[in-house]
């Protein structure tokens, strides 16, 4: 029997009261709306009665978990080494006493992160051994960065991606990189501006000067028609002078190219720009050109860009046209040219067009002809336009792709030549009209 005052007893009393009101109303009050009103009261009571039992039943106290900000996966002999970058509570909490004995202020003197590693035959085995070393439960929900070591990337990343994609706490929007050398070395870096190398890597990816790839996008690329992928390459930058005040930091340097989940090579920053044009992912860029008609340089900043892949099959020949449109502004004029002169702007647009096309053709030569990896989306473009031909040829795509004829049709517009049309430091009599 329910105790007096318990939720069950209150609910039973309420239902009994409602039943008596309905019976009395039917006999004596002759009130047609009473039955409807009683049902509404019952529904209201049931809705409000569940509120007290709604609570944080699955909560985890911050003192019982260990927050992981980044993960690095390396190859160690014939095993897998997993390294995690851990957020130090003393460094992030206010009023904590530092290890060096100082006062509060967010844990002065304490490094904001530290790195712990473990080795196993699989990534799951390595993580289990890693948990054995740590007194707190590892929490993966705050992980922002995943870095594959270069040696491991060359042997294949599919099984590791599979584990992380299945993990219930892992986020599909975390940023993915390939390191030059070991991934653990990148995690050990303490950059001067950000709290951790993970935060620095994340900000570099979001700056959009290079590739920015998430776990979700990596999965889509690996499951795509071509089975090829491209990831940003990150490396450690040592101090310039070696002084005590200098800090090691990290930077993005080019693109790692994958074919069937294995890294087959890498391209530098210059060729990465061409890859971004081909993938319609170019967001930010500064182009410096040297006009042939005069000495000096003119720098243009990209404002808007759009590219389109136009596939075509003619008499058994597979062709692709890249239609690219760029809109630029003049940000520096180190020549004696007058930017208000329409012929000067036309000449600069022609030079910028040539630079764009040259970058794309260099990227095609390196990746299409050299690595034979379709990271540009050619397979998807042909599949959409020619589904029947693609179905018959998709098993031979590795042989077809290197021989696809590519034509670049670029157009560059310069909209704003700047507030000062000629160089402010140049006398007017030396300005070339």
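Any read-out appearing in this document is the output of simple, stated calculations on the displayed coordinates, not a laboratory observation. What you see is a predicted model; the values in this text were computed from it and never measured. Backbone-built Cβ (ideal geometry, glycine too); neighbour counts: all protein chains shown.
Within the P(r) computed for segment 62-267, what percentage of the Cα pairs occupies the region above 30 Å? So the portion of pairs separated by more than 30 Å is 21 percent. Neighbour counts of C-beta atoms inside 10 Å place 113, 248, 307, 240 in the sequence 240, 248, 307, 113, starting with the fewest. Shape analysis of segment 270-433 based on the Cα gyration tensor places the equivalent ellipsoid semi-axes at 39, 13, 12 Å, largest first. In terms of the mean number of neighbouring beta-carbon atoms within 10 Å, the peptides 335-346, 204-215, 252-263 order highest first as 252-263, 204-215, 335-346. As a proxy for reagent exposure, ranking 299, 196 by other Cβ atoms within 10 Å from fewest up yields 299, 196.
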